[in-house]
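Working notes, beginning with the structure itself.
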Amino acid sequence: MGSKGASGLLAEVAAAHDVEALHHALLASGIPFLFWQRYEPDTVATWDRFPAGFFAHYYGTDADQECAVAQAVRANWQLFAFDQARAALGAGGGAKAAERVWRAFGVADGLVVPGGLATTRTITVLGFPRDGRARAMIAGQAAALRCLASQLDRFLMDSDILVRIPRQLIPLSDAMRDVLRIQIEHPGLTAEEQANALGISPRMLEKRHKQIAKRFGVSSFAGAVAVAVRTPAAYWR
């Protein structure tokens with residue numbers, strides 16, 4: 001982490017008067033890459049100090065659809081390191097391809113700090129050129145990380161310097177949307193009652209649950225429902 005200790009970084013982050021001062025404090029601690037995002041119905045409002053071209057490639061190739069880090073964000077993971085997300089969600093070919101995108105731009109490791117105000121969700125992401133640094137920072141400098149995210153929220157939430165990146169809609173068929181809606185709107189129904197209401201078999205209902213979970217980038221249908229109820233409906237309709 002460089003020579004700066006946890007208390008020193010926290011003090012600099014807390015005293016920073018703008019985003020460039022925050023980035024300077026991180027650079028002095030040996031952390032070169034930083035970005036912040038605010039989630040909107042159709043776009044991701046972004047401020048970054050990441051390698052040029054990263055976002056164009058990451059979103060342009062739809063790497064975010066199966067990226068383990070993005071899946072963990074969509075599943076509302078709290079403070080986490082990239083390797084934790086990759087261990088839990090990164091076994092598929094798409095996730096491996098997304099990891100290669102990060103590494104191709106010199107970001108071998110990283111961590112994500114959730115933030116936001118009221119119903120507005122944000123994330124702060126730090127990137128490192130070598131593996132193994134993220135977990136160490138989470139273990140030793142969690143207070144500084146949370147302060148950093150809070151400061152970025154304060155400086156950027158209503159800023160006019162943000163770049164808006166179009167969000168890909170989660171592609172659900174009409175049948176999958178019906179399954180998701182009946183669970184959200186009628187959570188007290190049993191699986192058999194839901195299947196009967198939809199005119200399908202319980203086995204088909206279970207199959208669609210798995211398909212929906214995969215589309216949302218989470219490991220279970222319950223996780224997909226949790227993401228859907230927190231996400232503007234336009235994102236998955």
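Charge dipole (Cα centre; +1 on Lys/Arg Cβ, -1 on Asp/Glu Cβ; no other charges) of the stretch 88-168 amounts to roughly 220 debye. Residues Thr124, Thr119, Thr61, sorted by accessible area with the largest first, give Thr119, Thr61, Thr124 [1.4 Å probe; ligands and nucleic acids excluded]. To the nearest whole percent, what portion of all C-alpha pairs in the stretch 86-237 is separated by more than 18 angstrom? Here the tail beyond 18 Å accounts for 69 percent of pairs. Can you tally the net charge around Arg130? Count Lys and Arg as +1, Asp and Glu as -1, for every other residue whose Cβ sits under 14 Å from the Cβ of Arg130. Net charge in that neighbourhood comes out at 0. Taken over the stretch 11-133, the percentage of Cα pairs per 10 Å bin, counting from 0 up to the bin with the maximum distance, is 13, 45, 35, 7, 0. The accessible-area ordering, largest first, of the residues Ile212, Ile165 stands as Ile165, Ile212, per a 1.4 angstrom probe.
Label separation (Ala118 vs Asp160): 2.2 nm, computed from points 7 Å beyond Cα along the C-beta direction. Taking amide H as placed 1.01 Å from N in the peptide plane, the amide H of Phe128 sits under 5 Å from that of Ala108, Asp109, Gly110, each at least 5 places away or on another chain. Each Lys and Arg Cβ is given +1 and each Asp and Glu Cβ -1; about its Cα centre, the stretch 89-237 then shows a dipole of about 440 debye.
Convex hull of alpha carbon positions in the stretch 175-229: directionally averaged projected area 3.2 nm².
Gain on full extension, evaluated as 0.36 nm per residue between Ser201 and Ile184 minus their Cα-Cα distance, stands at 4.2 nm. Most tightly packed first, judged by the mean number of other beta-carbon atoms within 10 Å of their residues, the peptides 47-55, 218-226, 64-72 read 64-72, 218-226, 47-55. Probe radius 1.4 Å, ligands and nucleic acids ignored: give me the carbon and sulfur share of the accessible area of the chain as a rounded percent. That fraction is 54 percent.
Distances between every pair of Cα atoms in the stretch 26-95, grouped in 10 Å steps from 0 to the bin holding the largest one, split as 17, 47, 34, 2 percent.
Each pair of Cα atoms in the stretch 66-142 enters the Kirkwood radius, and Stokes-Einstein at 4 °C and 1.567 mPa s then converts it into a translational diffusion coefficient of 102 µm²/s. Shown for the stretch 2-51 is the translational diffusion coefficient from the Stokes-Einstein equation, using the Kirkwood radius over Cα pairs, a temperature of 4 °C and a viscosity of 1.567 mPa s: 108 µm²/s. Taking packing as the residue-averaged number of other Cβ atoms within 10 angstrom, the listed peptides 89-97, 148-156, 188-196 run from highest to lowest as 148-156, 89-97, 188-196.
The values are calculated or read from the model by the stated rules, or taken from the named source; none is laboratory data. All values reported here derive from a predicted model rather than from experimental measurement. Note that each Cβ is placed from the backbone with ideal geometry, even for glycine, and that neighbours are counted across all protein chains shown. Only protein heavy atoms, including side chains, enter the accessible area calculation; ligands, DNA and RNA are left aside. Shrake-Rupley method; radii C 1.70, N 1.55, O 1.52, S 1.80 Å.
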